[in-house]
Amino acid sequence: MTKLRETVDIDAPAADVWAVVQEDVVHARRWTTNLTKVEKLDDGPPGVGTRYRYHLDLPGGIKETVDVEQGVYKKPKHCAGKFIKGPLKGTWSYTYTERKDSTRLVYEMDYELAGLLRFAGGLLSRQYAEGIRVNLLRLKKYVESGKGPKASKTPAGR
């Protein structure tokens, strides 16, 4: 398994960062590269058990879809889950820590490549890690510019 951990500090309340990352997932293309579309596979608001399908456009012209399922949904502190279909196997998580004037967002992934992606091996893993780093910086710029939704009034811990 490959472990990945990236951190970014965003000048915004945790609830606003959460609103962009966890509640507006289908619009992640606005701040994410290598993503052509996200589909929410379940009805109702996001929460434990919600599944998403990510359509990826990876380096080298590789197109893949990855399905994930949320197993933890503790608004606005922690969202985590697992890859349930596609070329990635393992788990992922977002942890939000509110500070005085900012939110520290930590993205962690413990994964292995499967299918055709496993043949790309280390090269794709390095590119993927760099992509996560770049996307967290893009998220920071997106949120700090005032774009995206703000915190909703839905109850915590759904």
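Looking at 32, 2, just one residue is of a type in the set (Ser, Thr, Tyr), at pLDDT below 95 and within 13 Å of the chain's Cα centre (by Cα), and that residue is 32. Taken over region 47-98, the criterion of being out of contact with any Phe, Trp or Tyr (no Cβ under 7 Å at 6 or more places or on another chain) and either small (Gly, Ala, Ser) or in a helix (DSSP H, G or I) (or both) is satisfied by 49, 59, 60, 61, 71, 86, 93.
A count restricted to region 45-76 and to residues that are over 14 Å from the mean Cα position of the chain (by Cα) and among the charged types (D, E, K, R) stands at 5. Please give the number of the condition residue 58 fails out of (1) at pLDDT below 95; (2) within 29 Å of residue 12 (Cα to Cα). The single condition residue 58 does not satisfy is (2). Scanning region 65-98 for residues that are closer than 14 Å to residue 7 by Cα and surrounded by fewer than 15 Cβ atoms within 10 Å (Cβ to Cβ) gives a single hit, 97. Could you tell me whether region 103-125 includes any residue that is closer than 19 Å to residue 27 by Cβ, out of contact with any strand residue (DSSP E or B) (no Cβ under 7 Å at 6 or more places or on another chain) and either surrounded by 15 or more Cβ atoms within 10 Å (Cβ to Cβ) or at pLDDT 85 or above (or both)? The answer is no, given that none of the residues of region 103-125 is closer than 19 Å to residue 27 by Cβ, out of contact with any strand residue (DSSP E or B) (no Cβ under 7 Å at 6 or more places or on another chain) and either surrounded by 15 or more Cβ atoms within 10 Å (Cβ to Cβ) or at pLDDT 85 or above (or both).
When residue 26 is tested against (1) surrounded by fewer than 14 Cβ atoms within 10 Å (Cβ to Cβ); (2) over 13 Å from the mean Cα position of the chain (by Cα); (3) under 23 Å from residue 151 (Cα atoms), only condition (2) is not met.
The values are calculated or read from the model by the stated rules, or taken from the named source; none is laboratory data. Predicted, not measured: the structure shown is a model, and the values here were computed from it. Methodologically, a virtual Cβ is constructed for each residue, glycine included, from the backbone with ideal geometry; neighbour enumeration extends over all protein chains shown.
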